[in-house]
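To keep things clear, I will list the structure first and then write my remarks on it.
Computed from the coordinates by the stated procedures, all read-outs in this text should not be read as laboratory data. Just so it is clear, the structure is predicted and the values come from calculations on it, not from any experiment. Cβ atoms come from the backbone with ideal geometry, glycine included; neighbour counts cover every protein chain shown.
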Amino acid sequence: MSLHRWLRKLLSLALSLAALTAWGQKSSFSADQFVGVWRLVSIQTIRANGDVIYPFYGEHPAGILMYDRSGWMSVQIVSDPAPTVPAVDSREDFAKASNADKARASEGYYAYFGTWTVDTAAETVNHHIKQSLMPGERGEDGVRHVKIEGNQLTLTAKAHEMGEEHTRKLVWQRIQEGQK
């Protein structure tokens, strides 16, 4: 076999291996697909036996999730039914409310912000939580498995709560520019 022919075969093999490697690493989403604002569609807590329950947010919570190009993210969720106490219109009046009213208000609300990174090979997004309504989450990483179909983003994560293992599934719908 001539050197020229041998080099062509070697180059062909190298290109085939490169194409195969790239195909094997192909993901169903890219980080750019996250950027924007997402409205909460649903939250389900799925028990190991498949039962769906709604222990924290109710069946129809409201929420918003934002990812920006600089790598920052924020999430806010309000339970269904939304908290109605304390019925005040200023932070000063909120501070004067009863501890029971403040507790009911915080039980119906959840929020955190931080930075985010994507691992397309693992098909996950990682929320690097800087601040949270729940102090124990500050400094933690929340890894969520990702599925993006059209304008819908589904995030799932395993959790141990209420004395059991389960999966939390959040479905978000992209808010288009100008949409309210």
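Most exposed first by the Cβ proxy, i.e. fewest other Cβ within 10 Å, how do THR167, THR45 rank?
THR167, THR45
If I fit a long axis through the Cα atoms of helix 3-24 and take the longest principal axis of the Cα atoms of the chain, what angle between them do I get, 0 to 90°, rounded to 10?
On a 0 to 90 degree scale, this one is about 20.
Where Lys and Arg each count +1 and Asp and Glu each count -1, what net charge lies around ASN126 among other residues with Cβ under 10 Å from its Cβ?
Around ASN126, the charge tally is -1.
Could you tally up the Lys pairs in the chain with alpha carbons closer than 18 Å? Skip any pair fewer than 8 positions apart unless they're on separate chains.
Going through the chain pair by pair, I get 4.
Considering amide H positions built from the backbone, and no H for Pro or chain starts, which residues 5 or more places from VAL41, or on another chain, come under 5 Å of its amide H?
Those lying under 5 Å, H to H, from VAL41 are VAL171, TRP172, GLN173.
In whole Å, what is the distance between the alpha-carbon centres of segment 108-133 and segment 136-180?
Each part reduced to its Cα centre gives a spacing of 9 Å.
Stretch THR115-GLU177 to full length: gain in nm at 0.36 nm per residue minus the Cα-Cα span?
20.1 nm
In whole percent, what relative contact order does segment 24-180 give with Cα contacts below 8 Å and a gap of six or more residues?
Dividing the mean separation by the residue count of segment 24-180 yields 25 percent.
What does the net charge come to around ILE64 if you take all other residues with beta carbon closer than 12 Å to its beta carbon, with K and R at +1 and D and E at -1?
Charge balance near ILE64 sits at +3.
Please report the net charge: other residues with Cβ closer than 11 Å to the Cβ of HIS145, K and R +1, D and E -1.
Local net charge: +3.
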